[in-house]
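Have a look at the structure below, then the notes.
The numbers here are math on the coordinates, done by the rules we state, and not lab data. Remember, predicted model here, so these are calculated numbers, not experimental data. Here Cβ is always computed from backbone atoms with ideal geometry, including for glycine, and neighbour counts include all displayed protein chains.
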Amino acid sequence: MQNVFDTLKERGLIAQTTHEEEIRELLGKEKVTFYIGFDPTADSLHVGHFLQMVVMRHMQLAGHRPIALVGGGTGMVGDPSGRTDMRQMLTVETIRHNCERFKEQLSKVIDFSDGKAIMVNNADWLMDLNYIEFLRDIGSCFSVNKMLTAECFKSRLERGLSFIEFNYMLMQSYDFLCLNRKYGCQIELGGDDQWSNILGGIDLVRRKDNKQVYGMTFALLTTSDGKKMGKTSKGALWLDPEKVSPYDFYQYWRNVDDDNVIRCMKLVTFVPMEEIREYEKLEGKELNAVKERLAYEVTKLVHGQEEAEKAQNTAREIFAKGGVSADMPSAEVTADAVGGGITVINLLTDVGFVPSKSEAKRLIKQNGIAINDKTVTDFEAVVTKADFENGELVARRGKKAYLKIKLV
């Protein structure tokens, strides 16, 4: 059986390792317990987290044991990594609710039955810490001078870094120490923006218990020009179907750029590399089949096979019929809101099909908006109740995004 380290490397997932040869040898000879942390800053995981979930599944399929750590404690503080400002402070109740939602979503990809994976909350050991004891026991192991050289802090110093955020590295490092002591956790995994925090944990375990543990980070999901993926017209690409419908989730992957579809196939699906290498030979319109496969596979992982098939069939039907399908995404607008007439811009922003009026104007200028298959060319164009044939109209954004708007 192939070493999972080689699998991850072949698929382009690994960004950095602390001890590459030692980690590869460890993963090849024994069952290893590892962890990834998820801070509950929202009530849903998003596509950035999904990449971490895929890595956990690869590791689990190879016989290793994942610990999914939800940050009920660290979420009270907020990770400064990748941030230009301080996170909004969340209530204990909100964090608890978000943690419960994370458990549901993680369970769709990771098998937690029969001890095959563990889910823990760092609130269990962080919330009742004695501050003075923590400073003496843990804080004494950290050099402020060294911490200030970490990217997560350097990028924030000019804008302002709060003292509460400065504690985050100590807390995450303490997580690794606790998980190593209680569960024998040997490796911490995370996004590449977590490198400094992971190094802090490894150093703390060495200082306190004289043990060698390891760290690996993974590539961030980006477009071919380096921009972070996961943004839609409505915001983040959430895994919650109430926030982003399975159809919209499917369409996001169906519409990736030609020069990024193979990379995405390697990163976020479990399609065998033998098949992907065959896909690499395709170009132009032939890549549409690859995009369909990508969209189907990712949607199946997140929302299940039934929803993936439904989304795929709806997308094909909409394309074949020029935007009409019984299962296409829909929204509602009241008759009072339409009144004697409502501008297309107001209608599309009110139902959330376009995020802002400025974006709607940009799309109209580029002939990227259509109502009932008629391109809108005027910023002041108005929709009336007469445009709702049988109480419905179909709006199109760009070439492939459709929305059925119902008059109620």
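In the chain, the DSSP-assigned H stretches of four residues or longer account for a calculated mean residue ellipticity at 222 nm of -13000 deg cm²/dmol, using -39500 (n - 2.57) per stretch and the full residue count as denominator.
Among 131, 252, 279, a tally of other beta-carbon atoms within 10 Å of each Cβ gives an order, fewest to most, of 131, 279, 252.
Amide H contacts of residue 383: 342, 343, 344, each under 5 Å away and 5 or more positions distant or on a separate chain (H built 1.01 Å from N in the peptide plane; Pro and chain starts excluded). Of the GluC sites (Glu not before Pro) found in the range 375-408, the ones in coil according to DSSP and having at most 10 other Cβ atoms within 10 Å of their Cβ are 380.
Considering only beta bridges that DSSP places wholly inside the range 4-218, some 15 percent are antiparallel. Reported value for the range 274-315: 65 Å³ per residue, from the convex hull of its C-alpha atoms.
Of all DSSP-defined beta bridges confined to the chain, some 50% are antiparallel rather than parallel.
The DSSP beta bridges internal to the range 251-408 are antiparallel in roughly 80% of cases. For the range 1-41, GluC sites (Glu not before Pro) meeting the loop criterion (DSSP other than H, G, I, E, B) and having at most 13 other Cβ atoms within 10 Å: 30.
Placing +1 on each Lys and Arg Cβ and -1 on each Asp and Glu Cβ, with no other charges, gives the chain a dipole about its Cα centre of roughly 420 debye. Counting other Cβ atoms within 10 Å as a rough exposure proxy, the listed residues 342, 132, 318 run 132, 342, 318 from fewest neighbours to most.
Here the chain is described by how far its Cα atoms reach on the three principal axes: 75, 47, 39 Å, from widest to narrowest.
For the range 231-320, the percent of C-alpha pairs falling in each 10 Å distance bin, counted from 0 to the bin holding the largest distance, reads 17, 50, 30, 3.
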